Amino acid sequence: MRLSELKIKTKKRVETEEDDRGLSYLLRANFIEKLTSGVYNYLPFGLRVIRKIEKIVREEMERIGGQEILMAALHPKSLWEQTNRWETFDALFKVQSRYGQWYGLGPTHEEVVTPLAKNFIFSYRDLPLYLYQIQTKFRDEPRPKGGLMRTREFLMKDLYSFHKDEKDVDLYYEKVKRAYLKVYKRCGLKPIVTEASGGTFSKFSHEFQVLTDKGEDTIFLCSNCGFSRNKEIMKNGKCPLCGEKLESYQAAEVGNIFKLKDKYSRALDLKYIDERGEEKYVLMGCYGIGISRLLSIISEVLSDEKGLVFPEEIAPYRYIILPLYTRKQEIDKKITEFSEEVYRLLADNQQEVLFDDRKDVSIGEKFNDVDLMGIFYRLVISEKTLSKKRIEVKKRNSPNLKYLSKNELVNLKK
Ligand code: ATP
Ligand code: MG
């Protein structure tokens, strides 16, 4: 893509309510736009990153047997009454049709996925079953905060698992834990698996917490054995595993996994016939990843004083070509020709490549934009590199320069 056609207009500065570096980069680079408090639009570059995070999530969910579906966002009131959550789920957005019916705007999907699973589950032979979706969720949060961190409309991946016994739930729960850690690792993060409240139906759930002072949670962490527990359920300051004193940290929750036992299958009547012909309630687990919050946290944690420093797999583009002109007509013509050649070569090799052909922007601003937007490889073509038929290559996350030929460039490994 040519930047002259993309109408990229980055901003020098933006006003944010909080002093939040990641958010200010996302806004300055035009990745996202605030529509109103707690509601955001995703613009072309931000959406590209979101799609890449989603791709990682899909790959890791499919690897543990997840099948993707897309559930409705408008939920009939009756389902939420059956689970007793119409009145008790505080953040539920309720809307009324002009024809009378009431709906909830889906903040989570147990009420929908449990009856839906009746299409698949009849006997023990139909279990286990894993269904997931990536979808827009709605929650009437009292205090939207930190850009995409806490919003009233946000993207979530939610996976639901269905099992015949607790042993099977436990096995899958651990599998999901490992899959989640892979997702975060590919996104450049290393969250801490933290014990949290399990609600009424199991002792603990587990949160995936990224250490950052922009997080709203406080977690306790044992420097000796790595044990971690959310402050909300902490009784004393000692590690229950090794007795060491725990330290507290600010952190942001990027995911949460729960065992639900038969809470929803009982309320919504999801049963199966077991090996002995007896009817039993299906046991369930639910597992969430906050996709849009993840973008927010990645931008906060993986950035420097110039802008976003994303891992290659989620950078908005892999390459950007920057011709460095000299004002000597003959040479500039050759620089353009060589830049076009490199651009075509990369594009023909299915590489994600930008060509900064903007005429009305100074080279200094172009360099700043590359760093701000977190494009992974910066390719400079100048009088100097031209004379050797080389391209100056710099990775966003390293100060080193390399001088590569066209062939070496296309052979750069992913
Ligand atoms: P929190 O404790 O932060 O309010 P939660 O425990 O209610 O979140 P879950 O229902 O477990 O959230 O949702 C799964 C994931 O969705 C969370 O781990 C978080 O990353 C993300 N998430 C939850 N609420 C929001 C929100 N209002 N805005 C953006 N992301 C959210
Ligand atoms: Mg949670």
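Every read-out reported here was derived from the displayed coordinates using simple, explicitly stated rules and does not represent laboratory data. Since we're looking at a predicted model, the values are computed, not measured. Virtual Cβ from ideal backbone geometry, glycine too; neighbours counted across all protein chains shown.
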Counting pairs of alpha carbon atoms under 8 Å apart in space and at least six apart in sequence, what relative contact order in percent does the range 257-414 give?
20
For residue 94, go through the aspartates and glutamates and keep the ones whose alpha-carbon is under 12 Å away, minus same-chain ones fewer than eight residues off.
140
Towards the positive end of the charge dipole of the chain, with charges on Cβ (+1 Lys, Arg; -1 Asp, Glu), say which of 248, 398, 93 has the farthest Cα.
398
Assigning unit charges at the beta carbon (Lys, Arg +1; Asp, Glu -1) and nothing else, what dipole magnitude in debye, to the nearest 20, does the range 179-253 show about its Cα centre?
260
Where is the GNM fluctuation largest for the chain (alpha-carbon springs, 10 angstrom cutoff): 121, 69, 298?
69
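Work the Kirkwood hydrodynamic radius out for the chain: mean of 1/r over every pair of different alpha-carbon atoms, inverted, in Å.
Numbers: mean 1/r = 0.0419 Å⁻¹.
This gives a value of 23.9 Å.
How would you rank 321-333, 214-226, highest first, on the average number of other Cβ atoms within 10 Å across their residues? Walk me through the numbers before you get to the answer.
On the way: 321-333: 14.6, 214-226: 17.0.
Top of the packing list down: 214-226, 321-333.
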Charge dipole of the chain built from unit charges on the beta carbon (Lys, Arg +1; Asp, Glu -1), centred at mean Cα; most positive-end Cα among 225, 135, 1 is 1
Can you tell me, using C-alpha contacts under 8 Å and at least 6 residues apart, the relative contact order of the chain as a whole percent?
16
Pop a pseudo-label 7 angstrom from the Cα along the beta-carbon direction at both residue 175 and residue 278 and give the gap in nm to one decimal.
2.5
Given the range 145-281, what whole percent of its Cα pairs are spread farther than 19 Å?
60
Residue among 172, 189, 215 farthest towards the positive dipole end of the range 170-283, charges placed on Cβ
189
Point-charge dipole on Cβ atoms (K/R +1, D/E -1) for the range 89-203, about Cα centre, debye to 20
540
Note on the range 204-314: contact order normalised by length, alpha-carbon pairs under 8 Å, 6 or more apart, percent, works out to 24
For the Cα atoms of the chain, what angle does the longest principal axis make with the long axis of helix 363-373, in degrees from 0 to 90, nearest 10?
10
Estimated FRET transfer efficiency (residue 349, residue 15; beta-carbon r; R0 41 Å; 0.05):
0.50
Debye, to nearest 20: dipole size of the chain, +1 on Lys, Arg Cβ, -1 on Asp, Glu Cβ:
1120
Please give the per residue volume of the convex hull enclosing the alpha carbon atoms of the range 338-414, rounded to a whole number of Å³.
104
Of the listed pairs 214/245; 55/190; 366/388; 52/259, those with alpha carbons more than 21 Å apart are 214/245; 366/388; 52/259
